[in-house]
Amino acid sequence: MKAVLFEKFQEAPRLVTLDDPSPETHGVVLKVAATGVCRSDWHGWMGHDSDIELPHVPGHELAGVVAAVGRDVTRWKVGDKVTVPFICGCGSCPECAAGHQQVCLNQEQPGFTHWGSFAEYVAIHQADLNLVALPEGMAFATAASLGCRFATSFRAVIDQGKVSAGQWVAVHGCGGVGLSAVMIASAAGANVIGVDLDPAKLDLAKDLGAVAVINGQEADVPAAIQEITRGGAHVSLDALGHPVTMTNSILGLRPRGKHIQVGLMLGEHAAPAIPMPKIVGQEIELLGSHGMQAHRYGAMLDMVASGKLDPSRLVGDQISLAEAPEALMNMDKFQSVGATVITRF
Ligand SMILES: [Zn+2]
Ligand SMILES: [Zn+2]
């Protein structure tokens with residue numbers, strides 16, 4: 001198969017030919033139809049992720065068609081169109097038993113713990129637990145964007161934030177995760193404020209339902225949020241993962257508000273200074289949010305099918321596998337408004 005491989009961190013990945021994977025007894029091999037290029041892939045390529053063993057094939061936001069099935073798999077057959085959460089559960093640890101596969105103790109992540117989907121084929125473990133059937137008519141490029149950004153935002157807003165109608169929700173960072181969160185929180189009935197430095201992303205946030213936007217270059221962000229919301233947001237997300245957006249998110253909350261950290265904080269940002277006096281004095285909740293388990297996809301996909309959510313609006317450039325190395329290396333320098341998806345192999 002054709003695949004994008006890197007042999008050293010921070011060295012240009014190359015398009016190479018590798019042996020096709022074969023499924024484990026409990027797994028499947030998917031023929032990849034679409035795979036997103038994500039900032040997490042860039043973190044992995046930089047060497048920020050201790051799970052990655054070299055040489056490595058990145059890629060974790062994928063959708064495709066089942067091409068081979070292990071003998072113990074009962075729910076899937078060749079030809080099924082599927083996607084998969086970027087965190088796959090093991091099916092046998094206490095967290096999986098409780099339904100929390102997104103924090104599985106022995107989790108597998110294609111593109112991190114094993115070779116991923118910047119390739120014609122990818123192996124997925126524990127297929128009965130982890131695969132999600134695509135609704136009729138959903139484009140592969142749209143489905144690929146669900147597995148990381150959109151599903152992550154759905155869990156952050158709905159399951160962790162428990163956002164409800166009439167609440168104020170601030171979203172810091174209007175990249176793929178943030179814009180997804182704007183759309184999802186708006187669909188849940190919240191009044192959403194989008195924050196970013198890029199006017200184009202703020203315009204898209206408004207199109208997707210934000211009732212107010214703040215350009216962080218022009219305003220004192222926490223003060224602006226406090227003013228718009230008359231006392232602070234009920235729920236606030238750092239969708240970027242940076243000490244500045246994290247701090248602004250916490251300081252923009254009202255008493256007993258919830259800060260949800262969605263953006264990864266790795267490398268030099270792994271141990272940020274947290275404004276603890278406000279956390280204590282105002283009983284602020286700090287919550288992480290980490291992907292979303294396969295069995296929660298149904299609720300999200302029903303909102304897509306009914307038209308309340310439209311993740312296809314967040315798909316940007318569609319590129320070829322040969323263009324993937326360049327796109328990956330530039331992920332930190334330039335983030336286009338929509339998600340870049342590899343759809344030609
Ligand atoms: Zn991702
Ligand atoms: Zn598990």
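The values are calculated or read from the model by the stated rules, or taken from the named source; none is laboratory data. Because the structure is a prediction, the values reported are computed rather than measured. Positions of Cβ are backbone-derived with ideal geometry, glycine not excepted, and every protein chain shown enters the neighbour counts. The area values use the complete protein model at the heavy-atom level, side chains included, leaving out ligands, DNA and RNA. Shrake-Rupley method; radii C 1.70, N 1.55, O 1.52, S 1.80 Å.
Just to be sure I understand: of the beta bridges DSSP finds with both ends in the range 28-160, what percent are antiparallel, rounded to 5?
Here the share of antiparallel DSSP bridges comes out near 95 percent.
Hey, quick one: spin label on Leu197, modelled 7 Å out along Cα-Cβ, who in the range 292-325 has an amide N within reach, i.e. under 20 Å?
Under 20 Å, as judged by backbone N against the label point of Leu197, lies no residue of the range 292-325.
More than 27 angstrom separation, counting every C-alpha pair in the range 152-288; what % is that?
Values: 745 of 9316 pairs.
Everything past 27 Å amounts to 8 percent.
Residue separation times 0.36 nm, minus the C-alpha to C-alpha distance between Ala299 and Leu105: what's the value? Write down the numbers at each step before the final one.
Numbers: separation 194, 0.36 × 194 = 69.84 nm, distance 2.46 nm.
Length gained between Ala299 and Leu105: 67.4 nm.
Below 8 Å between Cα atoms, with a sequence gap of 6+, how large is the relative contact order for the chain in percent?
19
Enter the accessible area per residue of the chain (Å², integer; probe 1.4 Å; all protein chains in place).
Computed with neighbouring chains in place, this is 41 Å² per residue.
Among 58-67, 89-98, 228-237, how do they line up by average Cβ neighbours within 10 Å per residue, starting with the highest?
Sorting 58-67, 89-98, 228-237 by mean packing, highest first, produces 58-67, 228-237, 89-98.
Using only the alpha-carbon atoms of the chain, report the extent along each of the three principal axes, biggest first, to the nearest angstrom.
Principal extents (largest minus smallest coordinate, Cα): 58, 39, 35 Å.
Shape verdict for the range 1-135, please, from the Cα gyration tensor: rounded (a/c under 1.5), prolate (a/b greater than b/c) or oblate. Please list the in-between numbers first.
Numbers: a/c = 1.94, a/b = 1.29, b/c = 1.51.
Cα axes put the range 1-135 in the oblate bin.
Taking 8 Å as the Cα distance limit and 6 or more residues as the minimum spacing, I'd like the relative contact order of the range 136-210 as a percentage.
Contact order relative to length: 29 percent.
Gly216's amide H: which non-local residues (gap 5+, or another chain) put their own amide H closer than 5 Å, with H modeled 1.01 Å from N in plane and none for Pro or chain starts?
Asp196, Leu197
How much of the accessible area of the chain, in percent, comes from carbon and sulfur atoms when a 1.4 Å probe is used?
51
Using a basic spin-label model with each label point 7 Å from the Cα along Cα→Cβ, how many nm lie between Asp220 and Asp72?
6.0
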